[in-house]
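Below you'll find the structure, written out as structure tokens, and then a few comments.
Throughout, read-outs are computed from the coordinates displayed, never taken from laboratory work. Just so we're clear, the structure is a prediction, and the values are computed from it rather than from any experiment. Cβ sites come from the backbone with ideal geometry, for glycine too, and all protein chains shown count toward neighbours.
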Amino acid sequence: MSRDGDLPDTSRAAPRKLRIGVAIATRARPELVSKIVALIGCQTRAADAILVCSPGEEDVAGLHAQAGLVHFLGPAGLPHQRNCLIERAQTLDILIFLDDDFVMDKDYLAETEAVFREAADVAMTTGVVIADGIIGPGFSLEQAAAFMSTPADAAGHRLTEVYNGYGCNMAVRLEIVRANGLRFDEELPLYAWLEDVDFSRALAPFGRIVRVERARGVHLGVKSGRQPGARLGYSQIANPCYLIAKGTCSWQKGLFHMSRNLAANVYGTLRRETIIDRPGRLLGNLKALGDLFALRLAPSRALDL
């Protein structure tokens with residue numbers, strides 16, 4: 001494993017073989033990220049580089065060296081870290097952004113590479129999340145393996161056009177990113193609710209966004225290390241409003257996100273849900289709505305909660 005070093009030289013790759021990197025922004029989950037990185041080594045198509053960005057060395061304690069692995073430090077906050085990952089990917093063609101709790105099926109990289117190689121008009125891909133622990137108590141690695149034990153439907157259609165990639169697993173053609181100076185919006189703080197929508201729609205004018213039906217995975221939805229409920233609740237209102245004004249989210253989609261989360265937080269609070277901090281999120285929702293009517297709503301105000 002290299003720390004603060006250069007990426008491995010992949011310039012002598014076979015013709016038509018794309019240089020693919022996996023990019024992981026992590027914080028406060030050292031044991032988990034070590035396991036996720038180790039599992040990347042099980043792919044049928046090996047990654048040319050595995051880039052891990054964290055705010056501190058303690059965030060990756062126990063991360064073991066393996067081929068192509070580079071760890072470096074970057075400012076806390078998902079957009080900041082992902083922008084650092086883009087900067088470190090100068091020798092790569094495709095960069096796959098993974099959450100530090102996303103488990104890829106063994107053929108994920110191979111299926112993703114095939115789409116980018118065969119469809120020159122594709123700018124972004126996202127995989128099929130066959131189980132998402134974010135909406136419940138979360139899943140273990142053993143449960144993820146069980147979910148993926150059922151083979152993918154080889155006879156089914158391969159691609160589906162989508163509005164945006166899902167931030168826990170989305171891949172981009174770096175040539176387009178570099179040519180147009182695209183970056184994640186650092187005005188979105190912390191875990192940057194809807195940063196995937198914003199980045200996807202900024203990329204959309206330059207190519208298709210598709211879901212690769214045979215690139216499957218499980219989002220564990222691990223609850224440790226996540227931001228306080230009130231901060232996330234504020235972002236659930238502030239970030240869609242910001243993106244609507246910016247033009248990277250339609251008002252229909254933004255309103256859908258806001259109303260769905262507000263309803264879920266009200267319902268979860270009334271039911272005294274314990275898995276997710278619904279009262280905290282609801283408080284954040286209400287504070288954001290108050291700021292909206294007072295004309296002082298801004299994503300960064302989540303940091304004050």
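Where does region 229-304 land on Rg/Rh, using Cα atoms and the Kirkwood Rh?
Reported Rg/Rh, Kirkwood definition of Rh: 0.98.
Could you name the aspartates and glutamates in cross-link range of K35, using Cα to Cα under 15 Å and dropping any fewer than eight places away on the same chain?
D59, D99, D100, D101, D105, E142
Pull out the extension gain between I176 and E57, defined as 0.36 nm times the separation in residues minus the alpha carbon to alpha carbon distance; nm, one decimal.
Separation in residues times 0.36 nm, less the Cα-Cα distance, equals 39.7 nm.
Lys and Arg at +1, Asp and Glu at -1: add these up for the other residues within a Cβ distance under 12 Å of K287 and post the number. Don't skip to the end; give the middle numbers.
Details: positive: R231, R281, R296, R301; negative: D291, D304.
With Lys, Arg at +1 and Asp, Glu at -1, the neighbours total +2.
How far is helix 251-270 tilted, in degrees, relative to the longest principal axis of the Cα atoms in the chain, given as a value from 0 to 90 rounded to the nearest 10?
Tilt relative to the chain: about 70 degrees.
Note down the net charge around Y267, summing +1 for each Lys or Arg and -1 for each Asp or Glu among other residues with Cβ under 9 Å from its Cβ.
Taking every Cβ under 9 Å from that of Y267, the sum is +1.
Would you tally the net charge around T248, using a Cβ to Cβ cut-off of less than 13 Å, leaving T248 out, and scoring K and R as +1, D and E as -1?
Every neighbour counted, the sum reads -1.
Label-point separation (nm) for A298 and A204, each offset 7 Å from Cα along Cα-to-Cβ?
2.7 nm
Grab the DSSP H runs of the chain that are 4 residues or longer, score each as -39,500 (n - 2.57), total them, divide by all residues and round the 222 nm result to the nearest 500 deg cm²/dmol.
-11000 deg cm²/dmol
Pull up the cross-link candidates among the aspartates and glutamates for K17, meaning alpha carbon to alpha carbon under 19 Å and not fewer than 8 places away within one chain.
D9, D48, D93, D107, E111, E113, E118, D121, E175
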